[in-house]
1. For the range C:215-241, what are the residues that are surrounded by fewer than 18 Cβ atoms within 10 Å (Cβ to Cβ), assigned to a strand (DSSP E or B) and more than 14 Å from every other protein chain (Cβ to nearest Cβ)?
2. Scan the range C:120-143 for residues that are assigned to a helix (DSSP H, G or I) and more than 9 Å from chain D (Cβ to nearest Cβ) and jot them down.
3. Would you pick out the residues in the range B:253-274 that are in a loop (DSSP other than H, G, I, E, B) and touching a residue at least 60 places away in the same chain (Cβ under 8 Å)?
4. Residues that are under 26 Å from C:ALA89 (Cβ atoms) and within 14 Å of chain A (Cβ to nearest Cβ): list the helices (runs of 4 or more DSSP H) wholly contained in the range C:289-382 that include at least 2 such residues.
5. Go through the range B:164-194 and give me each residue that's crowded, with 20+ Cβ neighbours inside 10 Å, under 26 Å from A:GLU212 (Cβ atoms) and at pLDDT 95 or above.
6. Out of (1) within 24 Å of A:LEU193 (Cβ to Cβ); (2) out of contact with any helix residue (DSSP H, G or I) (no Cβ under 9 Å at 6 or more places or on another chain); (3) in contact (Cβ under 8 Å) with a residue 60 or more places away in the chain, the odd one out for B:ASP229 is which?
7. Only one of (1) at pLDDT below 95; (2) closer than 14 Å to C:GLY312 by Cβ fails for C:PRO95. Which number is that?
8. If a residue has to be part of a loop (DSSP other than H, G, I, E, B) and surrounded by fewer than 17 Cβ atoms within 10 Å (Cβ to Cβ) to count, how many in the range C:383-396 make the cut?
Protein chains: 4
Amino acid sequence: MPENKIVLAFSGGLDTSVAVSWLKEKYGAEIVTLTIDLGMVDLEAIRQRALRVGAAKALTVDAKEALVKDFLFPALRAGAVYEEQYPLATALGRPLIARCLAEAAQAEGAFAVAHGCTGKGNDQVRLEVSMAALAPDIKVIAPIRDWGMSRQDEIDYAKERDLPISASDSRFSVDENLWGRSVEAGELEDPWLEPPEEAYVWTKPLAATPDEPTYLVVHFQQGAPTAIDGEEMAGVDLIVHLNGLAGGHGIGRVDHVENRLVGIKSREIYETPAAIVLHAAHKALEALTLSKEQARTKARVAQEYADMVYNGLWFTAHRQDLDAYVRSTQRYVTGDVRVRLHKATCTVVGRTATNSLYQYDLATYGREDTFDQAAAEGFISIYGLPVRTQSQAQPE
Amino acid sequence: MPENKIVLAFSGGLDTSVAVSWLKEKYGAEIVTLTIDLGMVDLEAIRQRALRVGAAKALTVDAKEALVKDFLFPALRAGAVYEEQYPLATALGRPLIARCLAEAAQAEGAFAVAHGCTGKGNDQVRLEVSMAALAPDIKVIAPIRDWGMSRQDEIDYAKERDLPISASDSRFSVDENLWGRSVEAGELEDPWLEPPEEAYVWTKPLAATPDEPTYLVVHFQQGAPTAIDGEEMAGVDLIVHLNGLAGGHGIGRVDHVENRLVGIKSREIYETPAAIVLHAAHKALEALTLSKEQARTKARVAQEYADMVYNGLWFTAHRQDLDAYVRSTQRYVTGDVRVRLHKATCTVVGRTATNSLYQYDLATYGREDTFDQAAAEGFISIYGLPVRTQSQAQPE
Amino acid sequence: MPENKIVLAFSGGLDTSVAVSWLKEKYGAEIVTLTIDLGMVDLEAIRQRALRVGAAKALTVDAKEALVKDFLFPALRAGAVYEEQYPLATALGRPLIARCLAEAAQAEGAFAVAHGCTGKGNDQVRLEVSMAALAPDIKVIAPIRDWGMSRQDEIDYAKERDLPISASDSRFSVDENLWGRSVEAGELEDPWLEPPEEAYVWTKPLAATPDEPTYLVVHFQQGAPTAIDGEEMAGVDLIVHLNGLAGGHGIGRVDHVENRLVGIKSREIYETPAAIVLHAAHKALEALTLSKEQARTKARVAQEYADMVYNGLWFTAHRQDLDAYVRSTQRYVTGDVRVRLHKATCTVVGRTATNSLYQYDLATYGREDTFDQAAAEGFISIYGLPVRTQSQAQPE
Amino acid sequence: MPENKIVLAFSGGLDTSVAVSWLKEKYGAEIVTLTIDLGMVDLEAIRQRALRVGAAKALTVDAKEALVKDFLFPALRAGAVYEEQYPLATALGRPLIARCLAEAAQAEGAFAVAHGCTGKGNDQVRLEVSMAALAPDIKVIAPIRDWGMSRQDEIDYAKERDLPISASDSRFSVDENLWGRSVEAGELEDPWLEPPEEAYVWTKPLAATPDEPTYLVVHFQQGAPTAIDGEEMAGVDLIVHLNGLAGGHGIGRVDHVENRLVGIKSREIYETPAAIVLHAAHKALEALTLSKEQARTKARVAQEYADMVYNGLWFTAHRQDLDAYVRSTQRYVTGDVRVRLHKATCTVVGRTATNSLYQYDLATYGREDTFDQAAAEGFISIYGLPVRTQSQAQPE
């Protein structure tokens, strides 16, 4: 019976393992698990676990390429960094997970999908709003939010049913995909305390980083990175490569008290080496290729775009409109950026663009100067006229 | 005769030294020089030089405290960083120089002031627009822009008149005040080349920085820093202290291709250690004390404020309006920020505020959690309603 | 027992009359009604009705002056018009009602307040969020939203208990205060249909308006109207006077499909004569007294301010910050505006300001012209430089 | 010799008639006049005059269709109204005139183009910046700005050379194209005076307008009007039709003190009937078809777009980017708007869209209501949470 199928987003952890049984019992439904690889996931191992904890069917999908092409690079072109700090890794993965869930539910004829998010985070909103956009007729079930079990309850529940769970013993709550790793909970909840080294996995502690810098040249084509040091690379490979390289130099740590979508502030730790390098390089290339007015408006759009993504509003007409704007700005964002990675610092040290707006002959103080200095007097006279007028009419 | 006096902003360099003679000859006027200390200036030495090159009178003023109180800290509270890169050192000093010039011209009964800016930079605009606001009846003369002498012409001119000039042999053009040091020209005009170490004076090269980090706690009172590690410090002292400390760790270098006010892009190098540390700490404290809406609007105001400062529009009603907004936002920006300085990196590692909006009991995933997760379902239902509606009415 | 008291916002209509009984029965509480005059309310009549339907105590408060001073004029100065159409009458009254409720509840020692809003409108949110800000410990009860009674159910309920209700037979749902009248429901819910004349009460149909125009001069002092035709008037009187005058000319009708706070669009009819006249006059005076940059930023703040008010966020630090900005902009918004009222049209025909930025000698094409046309060439050369550069470097 | 040709934008008035001779004498050049029809121009009559005053060749071009398609409708879709008052008629024509000039100059091999703008208006900037974008190598000459002749000087100059000029005796300075008519100078320069009826030509005085309203239905296709009352019309015809119809009802007058590009305020009178009707209708259709977030961002873009157009920055990458955004927003702006024209008032009385976001079943207070009121409580709880938190942590 199709009405009896639920597709559950399955990570293999304690929560979703227990959810398989719980959904089966509560809804009398067949559970189809769906595990999605957005980077660093062992699909086959998780698939086996899904079957062991009672899934009728265990689907997997490698969505890394879709993640890069449809979500990460558009966000990079947009300059989308939440609150100027967080390059939005998890937030960019959720709409893709929703898309995979919707497709699987439709293919399987399921009446509902289920996810393992809690009731106080952003991810429940991102997933459910994305589902509302993509498949408004499919019900969304949130067992963790509904059942009210504590961690110990879950373990007892699993034991009673003889479920082969192996609870993670990390004191942190972690999520990761190609674009970054999020860490929260535990002692991180005190924003006065410096995060302990154990919170970090992708990035080396400063003391362990090389004494010599690494220089690299990132090539962008219309706002998207396409090559490193002259070697063309597919998006997934390029990101994996940069995560390793920059993480090895200790680059990519973010420690931020952020405004969640659900009205609270939370302290979050992120590791996001490739994103840090690519955003810095992309911004430096835009400094050469966008006019001042373009840069000003794009900075505001970047803030709006980041909020839309963070707030789970990827699948909206508004996000598409912003994207149309962004794509137009990227027509000439093509060129090379030279970056130095060293001791937790990513520094842009050179940039060049095919259609650069930097004009040596206008900028130089040397002999080649073609700037018409005589024009300055007239310019200042008119430019300063309203200031002069106002200070006379409205002295204070 | 008062009509015969010109007050010249005098730095003691080749340009303004030659200008003393040139103005005297061209305008038949008495030249009063004014030298302003905005940080690291030897007022007495420059005063002596002014008299030697022909000034009738050589005035000096220590304006460091005014710089901090009336310009730097307001800009810090506003979060004013030009194009997200440059904390606006020179741009913040120019209006104060104009204010000092206007006051001196009025006190001396001069008909004009003169400055040594060229015709292609921002500073001519900043000075002249500020003068238009403060003293619209006083003429502004820009000898360097008007006379069309090359550097060699200036040296010849000085020799002919036996002026005791000692031309700097730096290949860079430099300006500095308490808040930062700007470096341009020479090989820096090729934005592909990494700046040479000689361009930097305030900040140590990474290899020469200590292996051990320095931790410090900055205390803010309503958005302005008032103490380091519990010790209250006057603004000038605090900034000097931080410039030394952070510069010693190699912190404070900025390498940016920026949009000048006069319609061109230029590559600028800045060293601004204290400003980098204070902006980072201030922003972290605001993350605790401003609501999400406050933070969003303030980020836009910061961009606008930075543009106003950069564009020479300090003495305008609009800048005052923005300031009224900023001051209102800072009522609760009081607290401590813990910062780690290490290997060219300034990292915020802890923050606490007297009136923090971060609420542990709402944020925690632990037992103390008071967040009402049951509310989430209703929230998502209404929050997602327009997305659901639009995706049904306007499928794509 | 204080725990047994509820303060109910009481309008005297069917809903709140039934609510008195219902709350008494459901909570076993003593009901204190509170009726607030925000314009055109017969407080004594409603007080009597409250006692007849079972209130233990019936409080009344004349809040008209507070409405004008603390809410309407600040919103006028801010230029707050929701979606460029709706001057926010009801939305401005709700936070004041919440303030009165909170004060009464505290004075009476009530554990809760109650209101008669439904579950799909904006007003429930405005009242409850305002209560959360002002008196977070007092519970808010929303009987209409909770009880699920239809209109007929309410009538039956009242009959059973012998409550002396007299249900309005209007086919529209109406709310009004000094600043405007809102009309919704009935045939207005079809946005293709022209609203019938019966929907309008404050404004005459065009055919019934005078053939001769009325001219009037509104005087503003720092952004607030203080006199009409030279006669000083208190705020409440001035608004009542203008509502009559402009309404008599058919001015003040608004027909708008708006975005509600709860995620839906609704079609609303407003009558708001005084607000239309005052906003038009105020804007015309600002055109004389604000610089271009002030006007640009204030237009954006006006949009944000209107959204904050509409969305029930009056009692927030962010609204206060915006207010600090607005007050600063209004320092010189002092002067006279001449307005013509005629055939449903309010037209500004003249404006003059004490500190006007309009300068005849700069603007005129006549002999008195003092504008320096020679400066234009230099201005255009530098102003157009980035356009020239970009069209050469990035031809399309 | 091609170096000896100048293409002069020729309107047939006194200024440009005198300019033919003056340019010939001053530059020893052959003068080719170019007259462009942007609406209501008698091309042949002006062509004859050009030859009579000494043009070597007199070109004409009918650019009405290009005006509508490439400039007016994009600006309409963008909602571009300068300072919320002026629909930008002249400002939209200038870049097209520049385009025609550039094309003619290239076809004729001219070394320069010339225009009749003064040195204190916006139009000189618009034309010269557009030329800098389109044909940076062609010189631009501004005789009126350069020659310093008064009106009487011009008349004397013409008499001396026996030029058949017939000076307009209007006391106003007028410009017009399909989208509107601009009037300035004379007594209009006193912003306190009501404009005299003679200033208006396209719009009837209220007393002379019909007593009966006209209703009409405008159909839009993706944001552009394509039919009136069911009859498809080409853009030029549709605008001409609406100008007559709405002007006959006295609709389209604008009286505004505006911020000019060159730093001064000026009082301008506009008549723009079709633009007023079409902007009102378009905005009403967008109220049905754009989400709240789309509407908010588009309102800001509209302000920016209007500024770009007013400021002569049509041919810029930034304007193109904004256009890409606007086009994306217009995908579903398709439907009908019913408008009533009566006594100088244009009122939207009905609107319907193919893909409307207005949902009767969500909006209605009647039986068909499908809105889930129970969700409101959870929504308000989370929506109000930050307000509650802040008012507790930061009481004032």
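1. C:GLN221, C:THR226, C:ALA227, C:GLU231, C:GLU232
2. Passing the criteria: C:ASP123, C:ARG126, C:LEU127, C:PRO143.
3. Residues satisfying the conditions are B:ARG260, B:LEU261, B:VAL262, B:ILE264, B:THR272.
4. Numbers: elements: C:292-310, C:317-329, C:360-363.
In the range C:289-382, C:292-310, C:317-329 are the helices (runs of 4 or more DSSP H) which contain 2 or more residues that are under 26 Å from C:ALA89 (Cβ atoms) and within 14 Å of chain A (Cβ to nearest Cβ).
5. B:PRO191
6. Unmet condition: (3).
7. (1)
8. Final tally of qualifying residues: 2.
The values are calculated or read from the model by the stated rules, or taken from the named source; none is laboratory data. Just so it is clear, the model here is predicted, and its values are computed rather than measured. Every residue, glycine as well, gets a Cβ built from its backbone with ideal geometry; the counts of neighbours run over all protein chains shown.
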